[in-house]
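First up is the structure itself, then whatever we jot down about it.
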Amino acid sequence: MNVIVPPPPALDVARIRQDFPILAQTVRGKPLVFLDSAASAQKPRAVIDAMATAMETQYANIHRGLHWMSERTTEAYESVRDQVAALLNAPSRNEIVFTRNTTESINLVAHSYGRGILAPGQAVLISEMEHHSNLVPWQMLRDADSIELRIAPITDAGELDMEAYAALLADGRVGLVAMTHMSNVLGSYTPAARIAALAHAAGARVLFDGSQAVVHRAVDVQAIDADFYVFTGHKLYGPTGVGVLWARHELLEAMPPFLGGGEMIASVTYEHSTWARVPHKFEAGTPAIVEVIGLGAAIAYVRSIGFDAIAAHEASLTDHALSRLAEIPGLAVIGGAQDRGGVISFTLQGAHPHDIATLLDRNGIAVRAGHHCAEPLMHRLGLEGTARASFALYTTHEEIDFLARNLERIREFFA
Amino acid sequence: MFDDVRDLYQDIILRHSRQPLHMRRLEEFDAKAIGDNPMCGDRCEVRLRLDPAGSIADIGFEARGCAISLASADLMAETTAGRTPAQVRALADIFFGLVRTGTTTSKDPAIEKLKPLSGVSEYPSRIKCATLPWAATLAALDGAMEASSE
């Protein structure tokens, strides 16, 4: 009997683009070609409307008002916890903590798990391709609390060196592995399930920085057997100001609070306070209510399109871009991981990344140029910086062709 | 395709960035400073020698950076040679005004050489590229070792 595997649902990019009002804008008189979504993605109408509607029709502070508006707003806010849990396939909604962004999520773990659970002499292990947000908090922990910081090398192809990674775990002193799930510079995915299995075998917990990965692929924290997973809303087509920490319930229970204040307490006297239950213990102060509601709309939006369709579209874009860029003499794509996504860093002989970015900008193309908040990785690669084009579900093949034509002209311009 | 960007990348800028005449290391010098913009990775070390009267007898730089910063460094060296520190500071002030606003009322003869860089005023994120070599030179004259224009 033949098993018929249905092809992934096609993504109607022309229709999707109509969902993003900003894509109709012109820049310097040219249509906007936005290839900087890895820095922050544009927002669909559904997100914009959800936030406006919340503020126009259903807004009050949450978890405290004994009135209709507060109760409705609390429901809207809390329902996003369910959406995030579903997005990550987390076992429980109570394992979802809302933060400001990935950076705050990692700082929370560095503070509460790093100071509260890890013991001096233990180590945190990261990789050479971390964003500063998954490096600096661990440096601060190292310097203040005698926690060793280890750096797992990458190969020249831009993949985690698994042998070296395993060797760094071997002495059993690593208490936490904190690693990107997808590099914001090289586009490389890391083999999360294998990373977690090796970490656990060595007695370490594992945190994944999903800032990039969660945008492009379905993430299943149970399948990869993660202990912590963090991401930010604004790269996932949601608003700025809201991020997520997922962690296993027992870890959140054991960890001391991060910030103190309202909302995170059970009771307070002048002598003593007790903490609210997880996850509220980690949500001090009035949270980003409207932004959380916006994040909920963003999650609903991407899930309505489906990660199969998104991943297939972006894989096609990435293949197309890599082959078009390979045609340009003097252009070097940085990193060549087998498993990679739509984030492509490159250099062009004779042209500085900032000049590339300025010239592309003149034709409406937005790219990032510089060290991409990964200075040590740039040094590892022997580069001062790169230009970076990154793709989203609204990116078209024609935009990539336009980018390639412009880069060809820039090459001639500086030749 | 890039005709309208010629306001910024004029031929004179491209020429100075490709072949900077003053990009050379002075082995003997009276003052030096390093200009560093860590956010973008641009770096410019300026070394200079003063004559007995206190004017700049020789000035050279070593730099890595974008076309704008290299051209600006070269034009800076060209226009500051022979000037006293006070004259360099005055010219730097005029130059900073030029790249921020795009115009100047100065009658300083060096301005004609620096005017091709006025186009950066349209690109706020690039102004610091043009001002970095000047910041380094001012730091050298002030006896500071490091400068930044970020």
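A few comments on the model shown:
- Whenever a residue of the stretch A:192-216 is closer than 24 Å to A:Lys235 by Cα, its partners that are polar (S, T, N, Q) and outside any helix (DSSP H, G or I), lying with C-beta atoms within less than 6 angstrom and at least six residues away or across chains, give the pairs A:Asp209/A:Thr180; A:Ser211/A:Thr232; A:Gln212/A:Asn184.
- Matching residues in the stretch A:41-63 - criterion: being in contact with a Ser or Thr (Cβ under 7 Å, 6 or more places away or on another chain) and in contact (Cβ under 8 Å) with a residue 24 or more places away in the chain: A:Tyr59, A:Asn61, A:Ile62, A:His63
- Qualifying residue in the stretch B:128-148 (condition: in contact with a Cys (Cβ under 7 Å, 6 or more places away or on another chain), at pLDDT 95 or above and over 25 Å from A:Leu348 (Cα atoms)): yes
- Qualifying residue in the stretch A:253-266 (condition: of a type in the set (Val, Ile, Thr) and more than 22 Å from A:Leu135 (Cα to Cα)): yes
- A:Ala288 being within 14 Å of chain B (Cβ to nearest Cβ) and either under 30 Å from A:His63 (Cβ atoms) or of a type in the set (A, V, I, L, M) (or both): no
- Between B:Lys115, B:Lys128, the distinction of being more than 14 Å from every other protein chain (Cβ to nearest Cβ) and not hydroxyl-bearing (Ser, Thr, Tyr) belongs to B:Lys115 only.
- Identity of the residue in the stretch A:149-190, part of a strand (DSSP E or B) and of a type in the set (Gly, Ala, Ser), that ends up surrounded by the most Cβ atoms within 10 Å (Cβ to Cβ): A:Ala178
- Test: residue in the stretch A:303-314 that is out of contact with any Ser or Thr (no Cβ under 6 Å at 6 or more places or on another chain), in a helix (DSSP H, G or I) and within 14 Å of chain B (Cβ to nearest Cβ): no
- Restricting the stretch B:12-49 to residues that are of a type in the set (Asp, Glu) and surrounded by 14 or more Cβ atoms within 10 Å (Cβ to Cβ), the residue that is nearest to the other protein chains (Cβ to nearest Cβ): B:Asp42
- If you go through the stretch B:105-130 and keep only what is under 18 Å from B:Ile12 (Cβ atoms) and crowded, with 18+ Cβ neighbours inside 10 Å, you end up with B:Ala110, B:Leu114, B:Pro116, B:Leu117, B:Ser118, B:Gly119, B:Val120, B:Ser121, B:Tyr123, B:Arg126, B:Cys129, B:Ala130.
- Search result, residues across the stretch A:352-374 that are of a type outside the set (D, E, K, R), in contact with a strand residue (DSSP E or B) (Cβ under 9 Å, 6 or more places away or on another chain) and either away from chain B (no Cβ under 12 Å) or not in a helix (DSSP H, G or I) (or both): A:His352, A:Asn363, A:Gly364, A:Ile365, A:Ala366, A:Val367, A:Ala369, A:Gly370, A:His371, A:His372
- When we screen A:Ala226, A:Ala197, A:Ala193 for residues that are farther than 19 Å from A:Arg340 by Cα, outside the structural domain of A:Ala389 (by TED's automatic domain parsing) and surrounded by fewer than 23 Cβ atoms within 10 Å (Cβ to Cβ), the only hit is A:Ala197.
- Output for the stretch A:375-391, where each listed residue is away from chain B (no Cβ under 12 Å) and either farther than 26 Å from A:Ser316 by Cα or not hydrophobic (A, V, I, L, M, F, W, C) (or both): A:Pro376, A:Leu377, A:Arg380, A:Leu381, A:Gly382, A:Arg388, A:Ser390
- The single condition among (1) among the β-branched types (Val, Ile, Thr); (2) crowded, with 24+ Cβ neighbours inside 10 Å; (3) away from chain B (no Cβ under 13 Å) that A:Val333 does not meet is (2).
- Considering residues of the stretch A:57-77 that are over 30 Å from the mean Cα position of the chain (by Cα) and part of a helix (DSSP H, G or I) only, the residue surrounded by the most Cβ atoms within 10 Å (Cβ to Cβ): A:Ser70
- Residue match in the stretch B:87-95 (condition: under 25 Å from A:Glu384 (Cα atoms) and among the aromatic types (Phe, Trp, Tyr)): no
- With respect to the conditions (1) touching a residue at least 24 places away in the same chain (Cβ under 8 Å); (2) in contact with a helix residue (DSSP H, G or I) (Cβ under 8 Å, 6 or more places away or on another chain); (3) away from chain B (no Cβ under 14 Å), A:Gln349 lacks only one, and its number is (3).
A quick yes/no check of all residues on (1) under 20 Å from A:Gly233 (Cα atoms); (2) assigned by TED's automatic domain parsing to the domain that holds A:His313:
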{"position": "A:Ile22", "(1), (2)": "yes, yes"}
{"position": "A:Arg28", "(1), (2)": "no, yes"}
{"position": "A:Leu32", "(1), (2)": "no, yes"}
{"position": "A:Gln58", "(1), (2)": "no, no"}
{"position": "A:Met69", "(1), (2)": "no, no"}
{"position": "A:Thr73", "(1), (2)": "yes, no"}
{"position": "A:Val84", "(1), (2)": "yes, no"}
{"position": "A:Leu88", "(1), (2)": "yes, no"}
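- Test: B:Gln87 is over 25 Å from A:Asn406 (Cβ atoms), over 14 Å from the mean Cα position of the chain (by Cα), of a type in the set (S, T, N, Q) and within 14 Å of chain A (Cβ to nearest Cβ): no
- Against the list (1) surrounded by fewer than 16 Cβ atoms within 10 Å (Cβ to Cβ); (2) within 11 Å of chain A (Cβ to nearest Cβ); (3) not polar (S, T, N, Q), the condition B:Pro52 fails is (2).
The values are calculated or read from the model by the stated rules, or taken from the named source; none is laboratory data. The shown structure was predicted, so the numbers you read here are calculated from the model rather than taken from an experiment. Note that we place each Cβ from the backbone using ideal geometry, even for glycine, and neighbour counts take in every protein chain shown.
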